[in-house]
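Comments concern the structure below.
The values are calculated or read from the model by the stated rules, or taken from the named source; none is laboratory data. None of these values were measured; they are calculated from a predicted model. All Cβ positions, glycine included, derive from the backbone under ideal geometry; neighbour counts span all protein chains shown. Heavy atoms of the whole protein, side chains included, go into the accessibility calculation; ligands, DNA and RNA do not. Shrake-Rupley method; radii C 1.70, N 1.55, O 1.52, S 1.80 Å.
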Amino acid sequence: REHYSTDFPASPPMILTSALTFGAVPTMKLADGNVMPMIFAGTGGLDSPTSSIEAAFAAGFTGVDSALDYGNQQEVAKALATKPRDSYFLTSKVPGCFAGVKVLPPFCYEATKKAAELNLQRLNVSHVDLLLIHTPAGTTLFSGCSNKVNCEMMQHQWRAMEEVKKAGLTKSIGVSNYCPECVECIKKTATEMPVVNQVEFHVGQGKDAQGFKPYCDTGNITLMAYSPLGPWLGGSKDELIKGNLTNDIGKKHGKSSVQVALRWLAQRGVPIVTKSSNPAHLAADLDVFDWDLDEEDLGKLDSSPTPKASRDSPSFLCKAEQTSIFV
């Protein structure tokens with residue numbers, strides 16, 4: 001089974017299932033008022049991106065999650081070209097500004113704007129719906145968002161994102177793999193805050209994603225889950241697919257272990273990035289919105305200590321103290 005990532009008013013993300021829908025997929029409203037699907041077909045690491053995304057569309061997916069770093073956007077574009085642009089929600093990502101040698105923070109500003117334009121060229125679209133910064137900026141040996149140079153790079157990169165949105169290249173902007181500490185860094189100079197933080201989140205990390213979810217909820221940032229079926233780096237990658245916990249709960253509801261793991265996130269209001277080239281798996285992934293886990297199920301899944309996240313954090317670049325300091 002394939003799988004994998006100023007003060008603002010606080011209010012929890014809202015799930016909508018009526019008029020604001022992409023097809024039959026439930027949606028949620030972001031802090032900026034834009035609406036996005038609750039589940040996305042991921043594109044990272046696909047062997048055949050074009051046929052995989054075509055299969056996802058055929059199954060009923062209306063969200064596609066891509067990134068410049070994945071190196072396959074031109075193949076993804078072939079599948080996108082088969083659908084009207086307004087029929088799907090497209091997320092993409094610009095790389096975080098990592099520097100192997102000393103650079104001035106303004107480097108991030110120009111690099112980010114160029115990366116945003118390159119995204120559109122390779123995807124062959126006029127705009128994306130959501131553009132994320134893939135990782136926090138930093139040096140080769142990441143030393144944390146409180147590091148002055150790293151923080152300045154992030155602030156310059158976020159300023160570019162704000163301008164990219166104003167120019168119409170994207171409707172919404174956000175981040176990925178950002179520790180609370182990193183969000184606090186860009187908050188110091190931001191004119192608008194990220195509406196999404198996409199991180200690793202799955203059963204085994206607790207219902208609060210090791211502190212990331214309450215932090216994001218407080219700032220009206222939607223926490224979005226990649227790797228919903230287990231760690232992408234090391235760890236027990238198959239536990240949620242083959243393990244007793246999710247399989248036993250699945251049998252109780254007539255669902256698969258994978259559907260249990262995905263439903264756990266959906267029932268918490270967390271949008272999901274999943275990934276498969278198998279039409280049956282893709283169809284099953286969409287069947288997680290019209291049934292509920294009961295309180296006993298949720299309690300068992302919430303309290304499961306495994307599988308642990310990659311490097312034991314929702315962001316592989318965050319240390320535990322960077323996660324917990326703000327919650």
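Accessible area per residue of the chain at 1.4 Å probe, in Å²?
40 Å²
How much length would be gained if the chain were fully extended between residue 167 and residue 302, taking 0.36 nm per residue of separation minus their Cα-Cα distance, in nm to one decimal?
44.4 nm
With each label point set 7 Å from Cα along the Cα-Cβ vector, what nm distance links residue 252 and residue 187?
3.7 nm
Grab the other residues whose beta carbon is less than 9 angstrom from that of residue 43, score K and R as +1, D and E as -1, and report the net.
Local charge sum for residue 43: -1.
Treating only the Cα positions of the range 189-327 as identical point scatterers, give the base-10 log of I(q)/I(0) from the Debye formula at each q in 0.16 Å⁻¹.
-0.81
Quick one: putting +1 on the C-beta of Lys and Arg, -1 on the C-beta of Asp and Glu, what dipole do you get for the chain around its Cα centre, in Debye to the nearest 20?
Using only the charged Cβ atoms, the result is roughly 580 debye.
Compute the length gained on full extension between residue 51 and residue 74: take 0.36 nm times their separation in residues and subtract their Cα-Cα distance, giving the result in nm to one decimal.
7.0 nm
Restricting the count to DSSP beta bridges whose residues both fall in the chain, what percent are antiparallel, rounded to a multiple of 5?
Bridges in the chain are about 20 percent antiparallel.
Between residue 147 and residue 58, how many nm apart are label points set 7 Å from Cα along the C-beta direction?
Here the modelled spin labels are 4.7 nm apart.
Sort the following peptides by mean Cβ neighbour count (other Cβ atoms within 10 Å, averaged over residues), highest first: 81-89, 170-178.
170-178, 81-89
Under unit Cβ charges (Lys, Arg +1; Asp, Glu -1), what dipole magnitude, rounded to 20 debye, does the range 160-231 have relative to its Cα centre?
160 debye
Picking from 243, 195, 185, whose Cα lies most toward the positive end of the charge dipole for the range 171-245 (charges on Cβ: Lys, Arg +1; Asp, Glu -1)?
195
Counting C-alpha atoms alone, how compact is the chain: give Rg to one decimal and Dmax as a whole number, in angstrom.
18.5, 57
Can you list the cysteines of the chain that have no other Cys Cβ under 4.7 Å away?
Cysteines lacking a close Cβ partner in the chain: 216.
Any idea how far apart residue 118 and residue 290 come out in nm if each label point goes 7 Å out from Cα toward Cβ?
Placing both labels 7 Å beyond Cα along the Cβ direction yields 4.4 nm.
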